[in-house]
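The values are calculated or read from the model by the stated rules, or taken from the named source; none is laboratory data. Computed from a predicted structure; not experimentally measured. Note that we place each Cβ from the backbone using ideal geometry, even for glycine, and neighbour counts take in every protein chain shown. Protein only, heavy atoms only, side chains kept; ligands, DNA and RNA dropped before computing areas. Shrake-Rupley method; radii C 1.70, N 1.55, O 1.52, S 1.80 Å.
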Amino acid sequence: MDEKLLKPYDPKTTEDRIYKLWEDSGFFNPDNLPGDRKDTFTLIMPPTNANGSLHAGHGLVMTIEDIMVRYKRMRGFKTLWLPGLDHAGFETQVVYEKKLEKEGRTRFGMDPKVLYKEILDFTLTNSKNIKSQIRKMGASCDWSREKFTLDDSVIKTVYQTFKRMNEDGLIYRGNRIVSWCPKHQTSFSDLEILDEERIDNFYYLKYGPFTIATSRPETKFGDKYVVLHPDDKRYSEYTNGQKIKLEWINGPIEATVIKDEMIDMEFGTGAMTITPWHDKADFEIAERHNLDKEQIIDEYGKLLPIAGEFAGQHIKKARPLIIEKLQKKGLVEKIDEGYKHVVRTCYKCGTVIEPQIKSQWFVKMKPLAEKALEKINNEEIKYVPEHYKKITTYWLENIMDWNISRQIVWGIPIPAKICTKCDHGMADIENKISKCEKCGDEVKQDGDTFDTWFSSGQWPYVVLGYPDNNDFKTFYPTDIMETAGDLVFFWVARMIMLGLYVTGKVPFKNVYMHGMVLDAKGQKMSKSKGNVIDPLTLTEKFGTDAFRIGMVVGNTPGTSLSLSEDKIKGYKNFANKIWNATRFVLDNTKNFQIPTNPEYDEEDKKSDEELRVLMKEITKEMDEYKFYIVAEKLYHYFWHTFADIIIERSKKKILNNTNADSAKVLLYTQLTTLLKALHPFIPFVTEEIWSMMPHSKNKQLLMIEKWPS
RNA sequence: GCGCGGUUAGCUCAGUUGGUAGAGCAACCCGUUUACACCGGGAAGGUCGUAGGUUCGAGUCCUACACCGCGCACCA
């Protein structure tokens, strides 16, 4: 017997060695797998953010996905798990900005090329670290196919898609309201914006014969349209287009009456003035009635010359001063304190979003969403857990156009030229256009980059080498997309839409969403709270196997998981239990030939049957992604049936030599079966034990053994 | 405002088509039996959020409500 077995199981001296064994075997690459494997199983790893180190959420991703992959590999599938790293556009830029800040620098004013190079170096350095951490988790992914979201091949395909969408009329450039973050100096899509409930003052201001209500008096300088509902009897004397002279913040103005059904007669006074440059709803009214639009607030949140004496002031500081002036002029009717409303903020820094009109690239989403809805509704894509289907279809049914321009350097440059005179935008992936195709004037390169999700939304077919690569033909559509629940719109829905648009096929047949990893008290982990659990500290302490099985037991898809050290510790004991049980089994089956047709006594026969039944159940549950229940059942069976009953029972039989052979056969075959079944969950300890089994000399790695269904 | 999820043993959570409530951890008692004290044996612990309804029978289905968490929304 192997001498290692005489001591307790030691993950530290085992895991790296075993991982190397796997990696050197080449079996992570589906092309090298033994046997005739007709059916493929493909899983694309969500590209890991390369800007930091592995956190608990990554630990969960690697665990669940590796379980899926190892199981399918053992089931005889030609199994591909394709790893990738994410440059993570805006996310990384924010991380890097913080670094710059610490060094007393700022990205503004920096040469974009220098900044880009710096972030690239930073990312590449960190990515080495990330990759070794992924290996630590035991991930059996095919490193030979690894991709980075800024690889040339990725950019090439993304450009092709942009060009094609543009030709198909799915992309347009235009002056539209965008969500602008005054701190980060970039626009966002609607998904990067958070709604935050706030309590503010609500001001009732006299606007000629009307009273208007607003929470943002600082936007009102240019308001020259008053909008009323056509059916509002209170205002029936006023007609659409009617001019009214009135005294306003900085002097007399002429206002125009607009009748629009969008007005809610119940709200405020039923009369509203509009600021089309800084409010989406107002913008739409202005578009409908073809009204003037004027910028009041600049990109940094400061008032423009139209604000007169307030010009140059930051809106936050100006607001009370403006109210003071209005009060002096007798234009404030009343102020409601404690007005509860929703403010939109930047999801990264919490700064209040200032809507601005900007000329940027937008994707027309309706036609894309309709195709996606069809495939989801007819179950060509299935969701686990199912309720994500409802969430997705609701979002798709109410989809808004997607702003894909970002004013940051860290990303894929938008391949387009912009006319310096008429602002016409032209897709130009070959960099050939030198004159505006509309007015013939000079053009300049679009300085913006793509929203990072525009490229990662194309990930499944991009990484497989669409359209000509063999991998694309073999492995696409992929089988499952496993990712965090909060990416259901950001990423999953967009992959479906873009995948259908570009390849005509769904990018994956199943979506499996896992929940968030919370701390032991069920609170969100955050650096400021100081409750962040580092998965690598846990694997260091208890072993990767213990961490992995601790992550899945009782963790149903979609729901968040509370992670505690005690739980992981319990599974460290489990790994050791298996280790010790193996010692007993091997000790007692020394020099014993396992017969091909074993004869069991009555109770052993029952036990043999019991495990077969269990394996049938488990196999079904594995196919239904119920890893949480399989892990628990295996744990329970191993400990409380195999160890507590079968091993204990065998002691007497072997000692008294009554039905000893039956006992020995049962011990050996059950251990063998259980090692295989446990392997996807706790790959290291099972592989290590496998190598010490007497049959192992001529045998292959456990990772490619046949699953005992 | 609309929607989604949750509410089951002290804690974390399971509970597949409705048929006498489960696991892990913690706590309690006993025990060093030749794989393992990173152990074994035993016992304890829940009117399944509330109120109705359907049913022979409801943790499970229906309806309201409460609380927690989350998402969506152009109410100035």
- Being free of Cβ contacts under 8 Å to residues at least 60 places away in the same chain and over 18 Å from A:M68 (Cβ atoms) is the filter; apply it to segment A:496-519 and report the residue that is surrounded by the most Cβ atoms within 10 Å (Cβ to Cβ). A:G499
- Please verify whether segment A:105-126 includes one or more residues that are touching a strand residue (DSSP E or B) at 6+ places or on another chain (Cβ under 6 Å) and of a type in the set (S, T, N, Q). no
- How do the pairs read when you match residues in segment A:335-347 that are farther than 10 Å from A:D200 by Cβ with residues anywhere that are charged (D, E, K, R) and away from RNA strand B (no atom under 11 Å from the Cβ), using Cβ under 7 Å and keeping only pairs 6 or more apart or on different chains? A:C346/A:K183
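Collect the residues in segment A:101-140 that are outside any helix (DSSP H, G or I), of a type in the set (A, V, I, L, M) and surrounded by fewer than 17 Cβ atoms within 10 Å (Cβ to Cβ), keeping them in residue-number order.
Restricting attention to segment A:101-140, the residues satisfying the condition of being outside any helix (DSSP H, G or I) are A:103-111, A:137-140.
Filter once more, keeping what is of a type in the set (A, V, I, L, M): A:110, A:137, A:139.
Matches in segment A:101-140: A:M110 only.
Is it fair to say A:Y235 is touching a residue at least 12 places away in the same chain (Cβ under 8 Å), at negative phi and touching a Leu at 6+ places or on another chain (Cβ under 6 Å)?
Yes: the conditions hold for A:Y235.
Could you count how many residues in segment A:7-30 are farther than 27 Å from A:T582 by Cβ and either of a type in the set (K, R) or without any contact (Cβ under 8 Å) to a residue 12 or more places away in the chain (or both)?
1
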- Item | Residue tally, condition crowded, with 20+ Cβ neighbours inside 10 Å and outside any loop (DSSP other than H, G, I, E, B), over segment A:677-709 | 12
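Among the strands (runs of 3 or more DSSP E) confined wholly to segment A:403-457, which include 1 or more residues that are more than 15 Å from A:W361 (Cα to Cα) and open to solvent by 10 Å² or more (accessible area, probe 1.4 Å)?
A:443-445
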- Task: Considering only segment A:611-632, state which residues are part of a helix (DSSP H, G or I), surrounded by fewer than 17 Cβ atoms within 10 Å (Cβ to Cβ) and either more than 31 Å from the chain's Cα centre (by Cα) or within 11 Å of RNA strand B (Cβ to nearest atom) (or both).
- Result: A:R612, A:V613, A:K616, A:E617, A:K620, A:E621, A:E632
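Based on this model, can you work out whether A:K371 counts as in contact (Cβ under 8 Å) with a residue 40 or more places away in the chain, over 19 Å from the mean Cα position of the chain (by Cα) and open to solvent by 10 Å² or more (accessible area, probe 1.4 Å)?
yes
Results for (1) open to solvent by less than 10 Å² (accessible area, probe 1.4 Å); (2) charged (D, E, K, R), shown as yes or no for each residue.
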position	(1), (2)
A:L6	no, no
A:Y9	no, no
A:D24	no, yes
A:D31	no, yes
A:S53	no, no
A:I67	yes, no
A:L80	yes, no
A:V95	no, no
A:K99	no, yes
- Query: Taking A:S662 and the conditions (1) open to solvent by 20 Å² or more (accessible area, probe 1.4 Å); (2) touching a residue at least 60 places away in the same chain (Cβ under 8 Å), which numbered condition does it fall short on, given that it satisfies the others?
  - Reply: (1)
- Message: Anything in segment A:174-199 that is over 24 Å from A:I285 (Cβ atoms), more than 10 Å from RNA strand B (Cβ to nearest atom) and open to solvent by 60 Å² or more (accessible area, probe 1.4 Å)? List them, or say none.
- Response: A:K183, A:I199
- Message: Given the criteria over 13 Å from A:L331 (Cβ atoms) and either touching a residue at least 24 places away in the same chain (Cβ under 8 Å) or open to solvent by 20 Å² or more (accessible area, probe 1.4 Å) (or both), does A:I212 qualify?
- Response: no
- Item | Verdict on A:Y600 being in contact (Cβ under 8 Å) with a residue 60 or more places away in the chain, open to solvent by 30 Å² or more (accessible area, probe 1.4 Å) and touching a strand residue (DSSP E or B) at 6+ places or on another chain (Cβ under 6 Å) | no
- Item | Considering residues of segment A:525-567 that are basic (K, R) and part of a helix (DSSP H, G or I) only, the residue nearest to RNA strand B (Cβ to nearest atom) | A:K567
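Are any residues in segment A:38-51 in a loop (DSSP other than H, G, I, E, B) and either among the hydrophobic types (A, V, I, L, M, F, W, C) or crowded, with 16+ Cβ neighbours inside 10 Å (or both), and if so, which ones?
Once the filter is applied, which keeps residues that are in a loop (DSSP other than H, G, I, E, B) and either among the hydrophobic types (A, V, I, L, M, F, W, C) or crowded, with 16+ Cβ neighbours inside 10 Å (or both), segment A:38-51 yields A:M45, A:P46, A:P47, A:A50, A:N51.
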- Query: Given the structure, is A:K577 open to solvent by 10 Å² or more (accessible area, probe 1.4 Å), assigned to a helix (DSSP H, G or I), within 22 Å of A:R70 (Cα to Cα) and within 13 Å of RNA strand B (Cβ to nearest atom)?
  - Reply: no
